[in-house]
Structure formats: structure tokens, C-alpha cells
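Here's the structure, in C-alpha cells; my notes come after.
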Amino acid sequence: MARFIRLLSGILVVLAVVFLGYCYFTKQGIFAPAAIHNAEVKIGGDFSLINQDGQIIHSNDFKDKYMMIFFGFSSCKKICPMNLGIISEALAKLGEKTNDKLQTFFITVDPERDSIEKLKEFQQQFDHRIQMLTGEKEKIDEVIANYKVYASKVGGEEEINHSSIIYLIGPGGKYVAHFAADLNSDESQSDKITAEIEKYVND
């Protein structure tokens, strides 16, 4: 019995080390590919929303492409602009060579305030290839749920706490990986995103 308890304790210690190591590297901005978890990770799903130009965007129209998706809101003071800046840098480094293989979306978690006009103005700060999407609250809530995004209004509902994960979705709408940028790191987060995307789209 004592031997079994020691063995079980050892296994638990190993699992704890693995888990903490995974959390650390994820925090540091390392891509977490689907293979780490499960080849059939249930993240993502079809959506039909409206972009900053008032056009209806169907995710199915990009079923043959990779999609890079980030959730946030235009009134966000730090996290969203910084992440969109990183994404814009990555797109600039990728250049035009991935235009026919990759589409990037910013999906608002604040559809009640993020009108088409507001998103169009917000979009001017970033790479023109990033499409800013909004829509009816019910549709946005469905997309948020499908992508396992956390979003909660705080401070008199003027601020929204939300997860800041960048998703990479593959052809056919299949989840490939996610990226959590380390905004406090001196390392180039856009370089990491660029390298990871090139690994997939250049296969």
C-alpha cells in the first residue's frame, strides 16, 4: 500500500510539473497546437457577421484558407491595440505571399457599441487586411461560445474583461493552434506568429 501511495505521489508530481511547464510556455507566447490537446478540439464554428464596410462575411467563404482570429472591442485601451499591432506586424512580415491562403479577422465582443462606422475608424490603425466584424448580439454570443472566449462587462459596463487569445483556424474550419502574446516580453511576438503561420501555410 505504501509503495502504491509513493508511486501515485510521483505520478502526480510529474503531471504537476508538465502542467506548470505548459502554462508557463503558453504565457510566454508559445503556440499551442491542436496536437498537444486533441486532434478533434472543439473550438471554432461557422459564422455570418458584418465587416467594417457593411458587407456580410460568411466564414464558409474562407473554407479553403487559414483564418487568424482575435476577439476584442474598439474601446479597449491596451490589450486589443497591442495584439492587433502584433498581428499587423506579422502580416507585414508575411507580405503578399499569404494573401490567397490566410484571412485575418477581428471579432468584437461589444456589438452594442461597435457599430460598422466605429469599426471602420478603428481599422484604419492596423493592417488593411484585417477585417473587423460585428453583428447582432445573439450572433456574436454564439461565436464567442463556439471559440471558448471569455468576455464580461465590468466598471459600469464601459470596460470588458476578455481573453486575449489569437486563434489559427485551418481549411475546413478546423482548429489548428492558438497564441497568447506575452506583452511584457522583449522578444518579438510578431516574429513568433509569422514563423508559426509560415509553418502551416507553406506546407
Legend entry - Count of segment 116-172 residues which are at pLDDT 95 or above, closer than 20 Å to LEU84 by Cα and surrounded by fewer than 14 Cβ atoms within 10 Å (Cβ to Cβ): 5
Legend entry - Given (1) in contact with a Ser or Thr (Cβ under 8 Å, 6 or more places away or on another chain); (2) of a type outside the set (Asp, Glu); (3) at pLDDT below 95, number of the condition LYS77 does not satisfy: (1)
Inset, instruction - Please give the number of the condition ALA181 fails out of (1) surrounded by fewer than 19 Cβ atoms within 10 Å (Cβ to Cβ); (2) over 25 Å from ASN60 (Cβ atoms). - result: (1)
Legend entry - Only listed residue being out of contact with any Phe, Trp or Tyr (no Cβ under 6 Å at 6 or more places or on another chain), modelled with pLDDT under 95, surrounded by 12 or more Cβ atoms within 10 Å (Cβ to Cβ) and farther than 26 Å from VAL154 by Cα, chosen from GLY45, GLY95: GLY45
Legend entry - Every residue from segment 59-80 that is assigned to a helix (DSSP H, G or I) and more than 13 Å from the chain's Cα centre (by Cα): SER59, ASN60, ASP61, PHE62
Inset, instruction - Determine which member of the set GLU198, GLU96, GLU138, GLU89 is more than 26 Å from ASP64 (Cα to Cα) and not small (Gly, Ala, Ser). - result: GLU138
Legend entry - Among residues of segment 93-109, those that are free of Cβ contacts under 8 Å to residues at least 40 places away in the same chain and out of contact with any strand residue (DSSP E or B) (no Cβ under 6 Å at 6 or more places or on another chain), counted: 5
Inset, instruction - Give just the number: which of (1) of a type in the set (Val, Ile, Thr); (2) over 25 Å from ASN60 (Cα atoms); (3) in contact (Cβ under 8 Å) with a residue 40 or more places away in the chain does VAL154 not satisfy? - result: (3)
Legend entry - segment 160-191 - residue that is touching a residue at least 40 places away in the same chain (Cβ under 8 Å) and among the charged types (D, E, K, R) and, of those, nearest to ASP100 (Cα to Cα): LYS174
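The values are calculated or read from the model by the stated rules, or taken from the named source; none is laboratory data. Remember, predicted model here, so these are calculated numbers, not experimental data. All Cβ positions, glycine included, derive from the backbone under ideal geometry; neighbour counts span all protein chains shown.
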